[in-house]
Structures are given as structure tokens and as C-alpha cells.
Amino acid sequence: MTAPTIGFIGAGNMATSLIGGMLQQSFTPQQIIASDRSSEQLEKLASQFGIRTATDNALLARDCDVLVLAVKPQVLQAVCRALPSQRRPGQLVISIAAGIACSSLADWLGTDTALVRCMPNTPALRGQGVSGLFAAAGVSAEQKQLAEQIMNAVGISLWLEQEAQIDAVTAVSGSGPAYFFYLMEAMTDAGEQLGLPRDIAERLTLFTALGAADMAVHSDVDTAELRRRVCSPNGTTEQAIDSFTRDDLPGMVARAMQAAAARSAELSKELA
């Protein structure tokens, strides 16, 4: 596919981040069209990025090789059913709406639609996202490559073999940033209780998290080994880790993520 045209239905934060990231890669403003209910948001995008905008989703859908569905899950059915049944041949549709299964999208858009379902996360807003991608039957290798190129504009993407794995991705990376924010919040509170000024406790926590993540990403050993290397025998870190173990931190994390995955599966059924 040469210089494909990519249309975004919905121009909120995630779509804006994707567009900005794509323009920093190999995409040009002429290739991108966005539609949204907010004329103010469209004017902002046109001014910031120089892309084309539209107020008619149906016309946008007819003009695009790739259609990115970036609206709230609760309104996606109405948006899809309002699109023309005869769209551009071979059009790829990428959905970043949480909880909407490919079977529902195919029912609303037509069973011959090439569908990729995506679960990004909020660090994509900073270009540090990770997305789980699933391609339904009928998506070509070229279309998969293009979908990956689009999502990699705001981080990295990983392909899933089964759509049901999207629920696990939601539990690990989709909801995952909140787990780390919660831990950072708790560490900041504890640092303050230990006598540090809150602003110092917070900065120590945030930059420790940033440094630890960077070490883990660039290390040639796994996180368990990195943890062991910090734990001197009978040292301060070992005492903290032993306290976590006694309180069953691994079990707490597993139960929390199982709850998130179960809720993701429930939402798919509710929104079908």
C-alpha cells in the first residue's frame, strides 16, 4: 500500500497522540484525516498538525485506506452502523475502543471488514505506550504491518494469537499504569511518614521508578535477578522484600489482575 490515507473517527487524547507520533515518523499531514463532534478540537488539530479534518464520518470513511475507531466504547455501535456499507475496497479498520470484540465490530461494519483490535495504554500520550494487537481473519500481512506502524508511533506493539488474550493485556498493561501510580503514591506517603518533606519523597519515588524501569528494559537479565542484585544479605532491601513476601504481595497482584481481566471480559459481553 503506497502512501495510505488514514482516517481517525474521534480526535481525543489517544488519537491526538497517535497523529503526533505518526507525523514524527514517515507519515505526512496529507495522509491523515480526523473527524470529531467538537469543531474546536478539529480546529486545534488542523492548526497543530496541518492535517485535514471532517465533520461527516461517512465521507471520511469513503476516502480512507485505514479507519481508526477512537471513540468511546459506549457510542461505537452507533458510529459504526452509521458508516456506509460500501467503503473503500480492502479498507483496514483499527479499533482502539476497549471492550468491543471483533465479532461485534464485524456485525456492525460487515463481515468482510479487515479488523485489527488494539489495546493501548495511557503512556502512549507520552510516546511510551505499549499496545496489544489482534488481527481478525482476512487481515493481510501488509495490513498488519501498517497497523503495527501506526501503533508504534506512540511506543511498541505486540501481536496476540488469540483475541481472548486482549483481556490479559488489559489487566497487565492497559490497567497497569494505575498499579504503578498506586505504588508510587504509597511510597511517597511512607517516605513522608519517615520524616521526608512530601515533595522530596515524591521526587525520590518518581525518579526511582523511572530509573528502575529503564534498567529493566535495557538489562540482559530478568527482573527477579535485578531484584536479587539489590538485596544484600541481611541488608535494608532484603528486610523490605521479606515484609512484602510475608504480606503476600505476589498473591495480591495476581488477584488484582485476575479481577481486571474478568471485568474486561464482562465488558465485552455488556457492550456487544
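Readers should treat all values here as calculations from the given coordinates under stated rules, not as data from a laboratory. Only a predicted model underlies this, so the values are computations on that prediction, with no experimental measurement involved. Note: ideal-geometry Cβ built from the backbone for every residue, glycine included; neighbour counts use all protein chains shown.
The lysines whose alpha-carbon is closer than 24 Å to the alpha-carbon of Lys44, local same-chain residues fewer than 8 away aside, are Lys72. Beta bridges assigned by DSSP with both partners in the chain are antiparallel in approximately 15 percent of cases. Once the Cβ-Cβ distance of Gln145 and Arg255 is raised to the sixth power relative to R0 = 41 Å, the FRET efficiency obtained is 0.60.
Counted by Cβ distance under 13 Å from Phe244, the other residues give a net charge of -2, where Lys and Arg count +1 and Asp and Glu count -1. Compared with the alpha-carbon gap, the fully stretched path from Thr55 to Asp214 is longer by 53.1 nm at 0.36 nm per residue. Each of Cys118, Cys102 was scored by other Cβ atoms within 10 Å of its Cβ. Listed from fewest to most, they are Cys102, Cys118. Shown is the FRET efficiency for Asn13 and Arg228, computed with R0 = 45 Å from the Cβ-Cβ distance and rounded to the nearest 0.05: 0.70. Pull out a ≥ b ≥ c, the square roots of the eigenvalues of the alpha-carbon gyration tensor of the stretch 1-146, then state rounded if a/c is under 1.5, prolate if not and a/b is larger than b/c, and oblate in the remaining case. Rounded, since a/c falls under 1.5.
With a Förster radius of 35 Å applied to the C-beta separation of Trp159 and Leu196, the computed FRET efficiency comes to 0.20.
Cβ crowding within 10 Å, taken as a proxy for footprinting-reagent exposure, orders Met215, Met151 from fewest neighbours to most as Met215, Met151.
Could you work out the local net charge near Thr5, counting Lys and Arg as +1, Asp and Glu as -1, over the other residues with Cβ closer than 14 Å to its Cβ? Every neighbour counted, the sum reads +2. Placing unit charges on the Cβ atoms of the charged side chains and taking the dipole of the chain about its Cα centre, the candidate lying farthest along the positive direction among Thr237, Pro4, Thr55 is Thr55. Could you tell me whether the stretch 80-199 comes out rounded, prolate or oblate from its Cα gyration tensor? Rule is a ≥ b ≥ c as square roots of the eigenvalues, rounded for a/c under 1.5, then prolate if a/b exceeds b/c, otherwise oblate. The shape class here is prolate. The ranking of Asp107, Asp56 by Cβ neighbour count inside 10 Å, starting from the fewest, reads Asp56, Asp107.
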